[in-house]
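Asker: After the structure tokens below, expect a handful of questions from me.
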Amino acid sequence: MVLDAKQLATWERDGFLVVPDAVAREDCERLKDRANEIVDAFDPAVVSVFTTHEQQRSSDEYFLASGDNVSCFFEEDAFEPDGSLRQAKVRSINKIGHAQHDLDDEFDRFSRQAVLADVAADIGFEDPLLLQSMYIFKQPQIGGEVTCHQDATFLVTVPSSVVGLWFAIEDATLDNGCLWAEPGGHRGPLRRRFVRDEDGGGTRFEPLDDTPLPEPGAGSLVPIEAEQGTLVLLHGLLPHWSDANRSDRSRHAYTLHLIERSAEYPALNWLQRRPDNPLRGF
């Protein structure tokens, strides 16, 4: 086991767990270099903006196809009123998603380190599948807020099984938009689901429970500052949030979401894979 009894008790109690030095700093630097190479090669012929205000989330074809691709999404505040970029392309991308863990050698290597399979087993996974990945840049000055949400809203299984593995690729601090989470909030209900429309051409939120999520700055939320190489485990029902980055330093992070193979993955999920690109485990 990688996690000890105290860590597992913290995980059960809080719904999140901070594991310092879980991955090597050299691995973080290699992943950052590879992410920048992907952005450098990206031709923004199709401009897709990833809004971090969930009620405005894009449901265009580019977004819906990204479960099978390595796709780049711009920050909301990346553009001038005339449509031109406010700064260089490499400083304008919000994230890369959502299948680079299967389609890119460097991301595959990082995502399938033996220690991560061991951690998944420690927290109760029997046969985890790597469902989606996101490389998040949290750009200086324009890095968008991620409003308070639950990961199970966007990645639905029956029974609910999603867990997020969040890696600090660069130091995450209060100044550059670190995570905040609600300890014990994973014991609350799932508030809503983000699903495909019946015709498959768009998306919508389906309300489930009217219990409010914590507001940013609420006393129930605690900051998770994390040095490079830290792994943060996030239960799928845990409310969490990150502020906008108005500092002069980026806050690169990588997230990987796991689900249990035995759980049902409904067709209503926005993220779907082609039959020739099935989900894989570690």
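The values are calculated or read from the model by the stated rules, or taken from the named source; none is laboratory data. Keep in mind the model is a prediction, meaning the values are calculated, not measured. Reconstructed Cβ throughout: ideal geometry from the backbone, glycine too, with neighbour counts over all protein chains shown.
Asker: Restricting to the stretch 235-269, give me the number of residues that are small (Gly, Ala, Ser) and in contact with a Cys (Cβ under 9 Å, 6 or more places away or on another chain).
Answerer: The qualifying residues number 1.
Asker: For the stretch 140-228, which fully contained strands (runs of 3 or more DSSP E) count at least 3 residues that are farther than 17 Å from LEU17 by Cβ?
Answerer: Result: 146-149, 192-196, 203-207.
Asker: Looking at the stretch 71-102, which of its residues are β-branched (Val, Ile, Thr) and modelled with pLDDT of 90 or more?
Answerer: Matches in the stretch 71-102: ILE93, ILE96.
Asker: For residues that are buried (at least 20 other Cβ atoms within 10 Å of the Cβ) and basic (Lys, Arg), tally how many sit in the stretch 167-191.
Answerer: 1
Asker: On the given criteria, is GLY217 closer than 23 Å to TYR62 by Cα, at pLDDT below 95 and over 14 Å from the mean Cα position of the chain (by Cα)?
Answerer: no
Asker: Any chance you could count how many residues in the stretch 3-26 are acidic (Asp, Glu) and buried (at least 19 other Cβ atoms within 10 Å of the Cβ)?
Answerer: 1
Asker: So if I check each of GLN139, GLN150, which one is touching a residue at least 40 places away in the same chain (Cβ under 8 Å) and either farther than 24 Å from GLY188 by Cβ or of a type in the set (Asp, Glu) (or both)?
Answerer: Answer to the check: GLN139.
Asker: Of the residues that make up the stretch 164-174, is at least one under 29 Å from ALA121 (Cβ atoms) and either β-branched (Val, Ile, Thr) or modelled with pLDDT under 95 (or both)?
Answerer: Yes.
Asker: How about the stretch 228-257: which of its residues are within 13 Å of the chain's Cα centre (by Cα) and more than 17 Å from HIS149 (Cα to Cα)?
Answerer: Once the filter is applied, which keeps residues that are within 13 Å of the chain's Cα centre (by Cα) and more than 17 Å from HIS149 (Cα to Cα), the stretch 228-257 yields LEU231, HIS252, ALA253, TYR254.
Residues are listed down the side, and each one gets a yes or a no for (1) aromatic (Phe, Trp, Tyr); (2) free of Cβ contacts under 8 Å to residues at least 12 places away in the same chain; (3) within 26 Å of SER71 (Cα to Cα); (4) crowded, with 19+ Cβ neighbours inside 10 Å:
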| residue | (1), (2), (3), (4) |
| --- | --- |
| PRO214 | no, no, no, no |
| LEU234 | no, no, yes, yes |
| ALA267 | no, no, yes, no |
| GLY281 | no, no, yes, no |
